[in-house]
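For reference, the structure is listed below as structure tokens.
The values are calculated or read from the model by the stated rules, or taken from the named source; none is laboratory data. As the structure is a prediction and not an experimental result, all values here were calculated from the model. Here Cβ is always computed from backbone atoms with ideal geometry, including for glycine, and neighbour counts include all displayed protein chains.
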Amino acid sequence: MRERILLLYGSEYGTSYDCCRNIYYELYTSFDIDFFSLNDINIISLYKYDNIVIIVSTTGYGCCPHNMSEFWLGLHNNNLIFYDNMKFHLFGLGDSSYDNYNQVAKKLKKKLKSLNANIVNYSLGNYQHPSMHFSNFNIWKNNLYTFLKKNYYNFDINTEVPLLYDVIICEDNQNENHVNIQNFNKKKKNIYDKTHKEEDNININNNMNKMKNTTFLLKNVENFNIDEHFCKLLNYNKFVVTKNERCTNINYERDVRYMNLITTDECSNICGLIKVHPFLDINKTKELLKLLKINYNDYIVIIPNKNLNNKESIYLPINKKIKVLDLFIYFLDLNKIVTPFFFTYLTTKTSSEIHRNKFYKISDTINISDYFSYVYQDKRSYFDILFDFYNYINIDINFLINTLPNIQDRSYSILNIFTTYTNIHNYNFFNIYNLYVSQKFVSMLYFLKTNIISNPLLDIQNLNSVQKLQSPVTHSYSNHISNDYSEKNTGLNYSKIIGNIYKKILKRIKGETQYKDNTKKCTYMYKQNIIELLVCLYKIEINKNKTLKGLCSDYLVNLNPGSFVYSKIQNSMLALNTNIFNLDYTVVYISVGAAFSSLIQVLRQRHYLYSTQYIESNHEKNHNVKQNQHHYKNIKIKEKKDLLFLGFRQKSQDFYFKDEMKSYLYFTYIFLAFSQDVEDKFVYYNMLNCNDSSRKRAEDNIIRNNNNDNNDNNRSNDHNNNHSNNHNNHSNNHNNHSNNHRNNHNYCSYNIYYENHFEQNEQNYFKMSYEQMINTLQKKKKIYVTDIILMLQNTIYDLLKEKKTIILIAGKSRPFSQNLIRTFIDIIKNKEPNKNMEEINLFIKKKIDDFSIILESWY
């Protein structure tokens, strides 16, 4: 009986995953391997294994990867004691150029030790090492193998191409009753057709998986269905893209998109992430498969190796009839940077001695000069390698399925909160229908919809008059993303007749059995299913001839309305401290560029809580409007408002959420730095907008929402009466006009109060005047967020020492987070010169550990 080993990884960009794959391929012929990400394993199930191998990486500023976060929290929330016979083998991946080098592996080791874990093999890999992480990884891996040989049995390390799966080719793809098992290399011809026969029939441990050329009944094989596979088997949500609009100028170097996704499944996470499963570029994939002489229109069936007893996360469509092109596009990550051990496998697939020797040199992880210069430095992917060598290798689908990595999900921050969204009448009926029809029919609908929108159909418009929103909705942010952003509807704004049909369909989809035309209930169901995203295309220039684009961001920005996206919703790191929604706490937001999308949902939720607080006080005080407005004004001028520090390149190009920020000035001080602008490099947004009527937007919205709540029943009762609706629209417009008039009157008095109050309130809070701020920064050629924080170091120091302060940091790059932490350390050192660096570092570390400082590095 073979020994069973548990192989786990926590990986953000795939390096830990590749290290685990390397071990998996080398041991699976001698051991039964269970291969999972850390989030896919139940902590209690660890007790089933005698040997647990864990490889983890550190991302962000000492953060654990997303596919490890649930395991990490579960480990801390369980009072477990591991048995002595449970042997842990732990390896960490990190970069010593950062302060929190290998922080995750170190913390995991400490936590496991506290639970009585027997860690028999532990090491750290450093990207700054001359051989990168490979040197320490090889030493650690050899120690693992030595331990297994000593304690169990002697075994040979597998160096052949792995054969975890077999491939059955469907000869007739038109509903024949049988398929034949064939080898693709017999079907494919190439200039090196005289490869050795033993290379065409690689078997494990002396033909352990030898199969006969028999027939396989097609009636036992179901066709691959993408919805069933992702939604039912893998528990993804199916989203439809309803909006994909560029926020930046077409000539601007950064392509940033505002996107809306809709699903029929409820999404209730606040401070959530959406894990998107991207697909490969279809044209590039077709081109490569054509060069490899693989017919991408063929249908195949993947079956697991029957002689193996391994377990891993269900990912590939096993025992399903699937098109070759679909298999590659949906599941196999040709876009990932290639690993050294892949070249070891390529040596068996060429008859050219020159190329075989070249592959051996690139696969060498002791002397990595060839790998570093050819692969790592130029970020060469599997696409690149196969395009470079397709003429000199003889590979088939069987080889690629068993050696290529799986496509990994990418995480993006969700912008909107799920308590409120836009009015239901502003939604296009076609979009919900997209979820229940074929892709071809969706394409036809999209074509028709596009043409309908572009043509002035006067008859339809006269019959179904466009219903205008009776009032703006507080949390509808689609028109606030950037300066150049203009509000566009995804489709036609339908009449109330279409609105009623849509509501009834929504009820049916959601399983509503009772006939109720309750507008608020339908709106609630609708607003739970919309996801807002801000997606920045990741693009870097490797050299003059190559520009690298991120797989997922490139996939998202090229999606048209009506396209499908398969994703999962999970909590971000911000949700680890629930006090971010406690209004007694002061929140400091620090971010740059599009990474601000990680924090905007917190601002929106706190704004919503202030709004709710005001409305509740309105009811409690018997609708005493004047008293409530006075109460709300006191909230506005509270001394310890939140602080928001934002850094952008140019005010005219990438100042996202420009207009929306004005809604939050009543509870937030906002400071802006524009690093590439010559003028207005520093902006104190509260001062800039103190005479802007948009300062009153938040209060206007709160009062409107209160009025709208009182009028909801009247509108719903008269919903099916057109005459009554028109009458109500007229009266509501009149009420809105009255509200605006009243609010403008109140705003004038508030402006006077604000201007007179600045010296004694804000100057005390910042310990300097606005003029002093300008004078402090005017000599700098470029201004960054850290410059503003250092300018306000007295205030920042007080907030760092205050227990009821939460600091949220969002930036894509690790250096940004590291520089901010060092800035905090410098501020404390200046204020407390008697403290040594060890004490200061310990203070900051405790703040990070108890989530008083949260560094969110993904967007």
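When 379, 349 are checked against the criterion of being among the charged types (D, E, K, R) and touching an Asp or Glu at 6+ places or on another chain (Cβ under 9 Å), 349 stands alone in meeting it. Restricting 85, 121, 116, 136 to those that are under 23 Å from residue 5 (Cα atoms), of a type in the set (S, T, N, Q), in a helix (DSSP H, G or I) and without any contact (Cβ under 8 Å) to a residue 60 or more places away in the chain reduces the list to 136.
Out of 361, 323, report the one residue that is without any contact (Cβ under 8 Å) to a residue 40 or more places away in the chain and surrounded by fewer than 20 Cβ atoms within 10 Å (Cβ to Cβ). Sole residue among the options that is without any contact (Cβ under 8 Å) to a residue 40 or more places away in the chain and surrounded by fewer than 20 Cβ atoms within 10 Å (Cβ to Cβ): 361. Counting only helices (runs of 4 or more DSSP H) that sit completely within segment 760-827, those holding 3 or more residues that are of a type in the set (S, T, N, Q) correspond to 770-777, 793-801.
For segment 263-279, filtering for residues that are touching a strand residue (DSSP E or B) at 6+ places or on another chain (Cβ under 9 Å), at pLDDT below 80 and over 22 Å from residue 573 (Cβ atoms) leaves 2.
State the number of residues belonging to segment 1-18 that are in contact with a His (Cβ under 8 Å, 6 or more places away or on another chain) and part of a helix (DSSP H, G or I). Result for segment 1-18: 1. Please verify whether residue 656 is at pLDDT 90 or above and either among the charged types (D, E, K, R) or assigned by TED's automatic domain parsing to the domain that holds residue 685 (or both), treating the condition exactly as stated. Criteria not met by residue 656. I'd like to know if segment 266-289 contains one or more residues that are part of a loop (DSSP other than H, G, I, E, B) and among the small types (Gly, Ala, Ser). Yes: segment 266-289 contains one or more residues that are part of a loop (DSSP other than H, G, I, E, B) and among the small types (Gly, Ala, Ser). Looking across segment 58-69, the residues that are modelled with pLDDT of 85 or more and of a type outside the set (Ser, Thr, Tyr) come down to 65, 67, 68. Kindly evaluate residue 840 against the criterion of being in a strand (DSSP E or B) and modelled with pLDDT of 90 or more. So residue 840 does not fit the description; no.
Looking at (1) in contact with a Pro (Cβ under 9 Å, 6 or more places away or on another chain); (2) touching a residue at least 60 places away in the same chain (Cβ under 8 Å); (3) more than 30 Å from residue 232 (Cβ to Cβ), which one does residue 330 not meet, given that it meets all the others? With (1) in contact with a Pro (Cβ under 9 Å, 6 or more places away or on another chain); (2) touching a residue at least 60 places away in the same chain (Cβ under 8 Å); (3) more than 30 Å from residue 232 (Cβ to Cβ) applied to residue 330, the lone miss is (3). Within segment 569-618, the set of residues being among the β-branched types (Val, Ile, Thr) and without any contact (Cβ under 8 Å) to a residue 24 or more places away in the chain comprises 578, 612.
Listed conditions (1) assigned to a helix (DSSP H, G or I); (2) out of contact with any Lys or Arg (no Cβ under 9 Å at 6 or more places or on another chain) are all met by residue 854, apart from (1). For segment 384-399, the set of residues classified as touching an Asp or Glu at 6+ places or on another chain (Cβ under 9 Å) and of a type in the set (Phe, Trp, Tyr) consists of 387 only. Residues that are in a loop (DSSP other than H, G, I, E, B) and of a type outside the set (Val, Ile, Thr) were ranked within segment 336-366; the one that is nearest to residue 401 (Cα to Cα) is 336.
Within the set 836, 819, the sole residue that is free of Cβ contacts under 8 Å to residues at least 24 places away in the same chain, assigned by TED's automatic domain parsing to the domain that holds residue 671 and out of contact with any Pro (no Cβ under 9 Å at 6 or more places or on another chain) turns out to be 836. Restricted to segment 216-253, and to residues there that are over 30 Å from residue 555 (Cα atoms) and surrounded by 11 or more Cβ atoms within 10 Å (Cβ to Cβ), the residue that is modelled with the lowest pLDDT is 216. In the set (1) crowded, with 22+ Cβ neighbours inside 10 Å; (2) closer than 19 Å to residue 40 by Cβ, the condition left unmet by residue 77 is number (1). Taking the criterion of being among the aromatic types (Phe, Trp, Tyr), part of a loop (DSSP other than H, G, I, E, B) and within 30 Å of residue 5 (Cα to Cα), would at least one residue in segment 301-321 satisfy it? Among the residues of segment 301-321, at least one is among the aromatic types (Phe, Trp, Tyr), part of a loop (DSSP other than H, G, I, E, B) and within 30 Å of residue 5 (Cα to Cα), which makes the answer yes. Tell me, please, whether a residue that is of a type in the set (A, V, I, L, M, F, W, C), farther than 30 Å from residue 236 by Cβ, over 26 Å from the mean Cα position of the chain (by Cα) and not in a strand (DSSP E or B) can be found in segment 376-392. Checking segment 376-392: at least one residue is of a type in the set (A, V, I, L, M, F, W, C), farther than 30 Å from residue 236 by Cβ, over 26 Å from the mean Cα position of the chain (by Cα) and not in a strand (DSSP E or B). For segment 301-338, the candidate set comprises residues that are within 23 Å of the chain's Cα centre (by Cα) and at pLDDT below 90; within that set, the residue that is nearest to residue 288 (Cα to Cα) is 315. I'd like to check something: does segment 405-417 contain any residue that is buried (at least 20 other Cβ atoms within 10 Å of the Cβ) and part of a helix (DSSP H, G or I)? Taking every residue of segment 405-417 in turn, none turns out to be buried (at least 20 other Cβ atoms within 10 Å of the Cβ) and part of a helix (DSSP H, G or I).
Filtering segment 26-79 to residues that are under 21 Å from residue 403 (Cα atoms), in contact with a Leu (Cβ under 9 Å, 6 or more places away or on another chain) and not β-branched (Val, Ile, Thr) leaves 27, 28, 30, 31, 32, 34, 35, 36, 37.
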